[in-house]
Amino acid sequence: MSTSVHPPPHLHQRPPHVLRTADADTSASESELQPHQHRPLHPSSLSKGARKESGFSSATAGQDGTDGGYTSTASVDGAQPGGKRRQRKPRFEPRVSKLDFESIDQNPLHGFFMLAFMGLVWYIMITMYHSLVTDGVPIRLRLFFSISHDSYNLAVSDGFLILSCAMPVLFQKLILYRVIPLDVAYIVQHVWQGVWFGTIVFWTFYRDWPWTQTGFFTLHGISMLMKQHSYMATNTDLHYKHRDLKKKEAELALLRSAGKSGAAEETSEAAAAREARIVSIMSDCEGLRAELTRSKVQFPNNINFFNWVDYMLVPTLVYDLEYPRTKSFRPLYFLEKVAATFFTFGLLYITVEHYIYPVLALTRKISFLSSLMYLIIPFMVCYMLIFYIIFECICNAFAELTFFADREFYDDWWNSTTFDEYARKWNKPVHEFLLRHVYLETIASLKMSKQNATLLTFFVSSCFHEVVMAVTGKRIRMYLFGLQMFQIPLIYFARIPFVRKQKTFGNALFWFGMFLGPPLLGVAYSREHWWDYLGDAPNSTPIML
């Protein structure tokens, strides 16, 4: 696996306001590590090598080379030499994001961050001055009217979208009360998810929103689909373990009762076998109880409305019984992230309105290559701003609001030397979801090889990306799907030993692809969509022309 340049060690220190939850290190039982044929495989039951060879390997790899939250097993039953079992570490842990001011202030390069900030301020002022001189207004409002179109219905629709995500709580309650048989729980789950997401897509076409509203609603729908899937899949797995625990406790009580009633007639060999069986079952029960308990939360007490609301608000797509929490809410920090959100959105608005829209309006008058050249820098600026506004501003704001302590929503992806390293680092919430619910699940349930599971995971990710583009652009072109799948041969090329050693070249090649990819896709998708839905803009003059 490719290694990357990491920030100084002091950046990984926890801030004083973070309260780390106790590590519930418990032994894993054989029944826990040998899942039911329909049961999702927990990442800790897969060997480190299996995760490492996949394109989605070390999602939470620590700086010291550990699994960073996942503990590998030496064998199927997790046994180590000497009879000891490996202990499982919690998935989430208190961490700060790398571009947070708490991290930047301790970085020797913090002056360059301030330089970038001042550059963005001057970027706004120069753009507004140019617009004032050429158009008579400091900011054009074409994009604003597009964003504000039918905003009331968009807000109401999004509210219903969020409320409908409470259905999995009802399903889990019905499973708990045995109204829905446990063996058909996965069928109910996938039928609901298919109908739900199909309704979301239908509604976007029915409302015929502009691309901004359609893109937002579709992306939010996919995010909520992932949250629902993780909630139902994880709790259904816990239902199986809860049922196994009850069976083993009943068997344990029966063995103890038999030992008391027939102790006089029992041979020494039979007594020894019974005691060995009791010890084995007790070990299994201990492991199952550990899986069903996180600090103060115990399954099935977590299946309630308040737990669901908390899960909907915390910025993660992977469900767990409990998450690490901070000690207190910091109002100034929260307001800082809110202000940064509006400031970044303003930068994004100006870039799209003044640097991208005018070029797209001229796509029938200039060549494809000219459009690409004019849009390379604006699209890269948009890409970086969208990354910052989502993973640094919005995610941290919701994390502070919910006392969520694990703020590592991304890693140092800008140091990536391969595209699989980039895929692991730039969007940790989605990566964690794909790792847990696609890659590991296909290995456990479908008995796929690690290579085939990796290909399937890339395929699923590419399909969802293309769905967003198809729904937003109202046409299927498969450009994004093709480029994303093209990363697979690039990943294998980067694993050649000679290429792997060229870290600087790898990082330069990565950034070359990043600069070329977004404008190439933007021009390819936007040319048809622009003329079908937006038309010409004769009064808009690109600043770069």
Inset, instruction - For the range 425-460 and the range 328-383, compute the distance between their C-alpha centroids and round to whole Å. - result: 32 Å
Inset, instruction - Taking 7 Å along the Cα-to-C-beta vector as the label spot, tell me the Ala270-Gln298 distance in nanometres, rounded to one decimal. - result: 3.5 nm
Legend entry - Using a Förster distance of 60 Å, the FRET efficiency for Arg256-Ser328 (Cβ separation, nearest 0.05): 0.80
Inset, instruction - Report the residues of the range 376-418 in range of a label on Phe493: point 7 Å along Cα→C-beta, backbone N strictly under 14 Å from it. - result: 418
Legend entry - Exceeding the 23 Å Cα-Cα cut-off - candidates Lys241/Lys425; Lys173/Lys450; Lys241/Lys447: Lys241/Lys425; Lys173/Lys450
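Among 420-432, 124-136, how do they line up by average Cβ neighbours within 10 Å per residue, starting with the highest?
420-432, 124-136
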Inset, instruction - Would you pull out the residues with amide H under 5 Å of Ile303's amide H, same chain only if 5 or more places away, H placed 1.01 Å from N? - result: none
Inset, instruction - In whole Hz, with x marking every Gly and Pro, tabulate ³J(HN,Hα) for the range 506-523 from phi via Karplus 6.51 cos²θ - 1.76 cosθ + 1.60, θ = phi - 60°. - result: x, 5, 5, 5, 4, 6, 4, x, 5, 5, 7, x, x, x, 4, 5, x, 5
Inset, instruction - Show me 347-358, 329-340 ranked by packing, highest mean number of other Cβ atoms within 10 Å first. - result: 347-358, 329-340
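For Lys503 and Ala116, calculate 0.36 nm times their separation in residues minus their Cα-Cα distance, and state this gained length in nm to one decimal.
136.8 nm
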Inset, instruction - Set the Förster radius R0 to 56 Å, insert the Cβ-Cβ distance between Thr199 and Val133 as r into 1/(1 + (r/R0)^6), and round the FRET efficiency to 0.05. - result: 0.70
Legend entry - Sequence-distant residues sharing a close amide H with Asp406 (under 5 Å, placed H): Arg95
Legend entry - Asp412-Ile386 pseudo-label distance in nm [points 7 Å out on the Cα-to-Cβ vector]: 2.6 nm
Inset, instruction - Please check which bits of the range 234-253 a label hung off Arg277 would reach, taking the label as a point 7 Å along Cα-to-C-beta and the cut-off as backbone N under 20 Å. - result: 244-253
Legend entry - Efficiency of FRET between Phe305 and Ile187 - r from beta-carbon atoms, R0 25 angstrom, step 0.05: 0.50
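Each value in this text was obtained by applying a stated rule to the coordinates, not by laboratory testing. Keep in mind that this is a model prediction, so the values were computed, not measured. For neighbour counting, all protein chains shown are included, and Cβ atoms are generated from backbone atoms with ideal geometry for every residue, glycine included.
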